[in-house]
1. Tell me, what is the 1.4 Å probe accessible area of Glu184, in Å² to the nearest 10?
2. Amide H neighbours of Gly320 under 5 Å, at least 5 residues apart or on other chains, H built in the peptide plane: list them.
3. Determine how large the accessible area of Trp368 is when every protein chain is in place; take a 1.4 Å probe and give Å² rounded to the nearest 10.
4. Are there trypsin sites (Lys or Arg not before Pro) in segment 105-153 that DSSP puts in a loop and that have at most 13 other Cβ atoms within 10 Å, and which ones?
5. Under 5 Å between amide H atoms, partner at least 5 residues away or on a different chain: which partners does Gly267 have, H built in plane at 1.01 Å?
6. Give the accessible area for Val97 in Å² (nearest 10); use a 1.4 Å probe, count only protein heavy atoms, and leave out ligands, DNA and RNA.
7. Which value in nm describes the separation of the simple spin-label points at Arg158 and Lys345, placed 7 Å from the Cα toward the beta carbon?
8. From largest accessible area down, sort Lys203, Lys345, Lys280; use a 1.4 Å probe on the protein chains.
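The values are calculated or read from the model by the stated rules, or taken from the named source; none is laboratory data. Every value quoted in this text rests on a predicted model; they were computed, and no experiment measured them. Using ideal geometry, Cβ is built from the backbone for each residue, glycine included, and neighbour counts are taken over all protein chains shown. Accessible surface is based on the protein model in full, side chains and every heavy atom, while ligands, DNA and RNA are left aside. Shrake-Rupley method; radii C 1.70, N 1.55, O 1.52, S 1.80 Å.
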Amino acid sequence: MTDDERGQTMVRVDTAETGQDDAGRPDPGAGGRRAGVRRAIRACSRPEPWKRGPVLAALALLLGVSMPLHAWIPNQVGNLGSLVESFLPWFGLLVPVLLAAALWRRSASAVVASLLPVMVWLSLFGGLLGDRSRPGGDLTVASHNVGADNPDPARTARDLIASGADVLALQELPPQARGTYENELARTYPHHTVQGTVGLWSKLPLSDVRPVDTQMDYGPLAATKPTDVKMTYNRALRATVATDQGPLAVYVAHLGSVRVNPRAGFGTVHRDRGAQALGKAVAAERNGRVVLLGDLNGTVDDRAFGGITSRMRSAQEVAGDGFGFTWPASFPVVRIDQILVRGVKPVNARVLPATGSDHRPVVAAISW
């Protein structure tokens, strides 16, 4: 550095420190910056902004704690814990509301407290915001609750064929539409089975097909009903699909519906009993490669599915794009239609456009 350069540097430093320009005149820009910094320091050091909005700060902290500790929310009263877990990703919408309220109240404590739920939400769901899918896959599976009130089952069947699925599971098959699905799907899927209200169509041979008891009948009178009567409303099956890489166990299930009632709360009795039975069936499955397809009427965050999710992974969470909400079809807000796997690798997963059903179909490609 030359003497001239050193001199210019000293002048700039002196100017910054003194707030004067080269000619010794006051530098209005430097004074304004110093005044702004002083105002910010004084504003933060005053007790008033930290005392404002204690309720908002408390709500932000409560939100930040409740999301990671959702399993501690009791289910004894109206299944509140399961209800919270079903819509857990949407809790993130409360953060900008709290933050806006904190800024409006000029509450420094509430603004700082709002950072906790932001970090917690990102740690829980930030990984689902991007696209985790990859091209390829050895086998494509699909699942769809076709809806008992579907006005055009033939079109729905054609839409599902267009997905390119090798194995296709259908739930809520009404008796009056069963023949339509069988006729439309027969050419593409030469192998199929229907057990009650669920069915499985496959391009590959099926074997060891049997119903799975999800305990829709419960109590002392359940054992008195004949098998042919129970099969009319059976809602789960198990089959073996013969692939080039070996046998694949496929489960298809439509668990009991849930209800939200102001008096009774979140009604999940039938669904939870079915989830426990299905979890036991999966746990007893001897085949190391397992795929579960179906409308489970619940999200994978719901504690009711612990017996299943402790042994299986969600294809959407591993290899999907976004959250993959499926219900209601017109404006999905929750994912209750699932593809869960064990012993195989999800490569990509996606939600298909709406059909005539109130659910959207789901598709996933898996590899060995």
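1. 60
2. Arg132, Ala349
3. 60
4. Answer in residue order: Arg106.
5. Arg259, Val260, Asn261
6. Spelled out: Val97, probe radius 1.4 Å, area about 90 Å².
7. Inter-label distance under the simple model: 3.8 nm.
8. Numbers: Lys203 80, Lys345 115, Lys280 150 Å².
These residues rank, largest area first, as Lys280, Lys345, Lys203.
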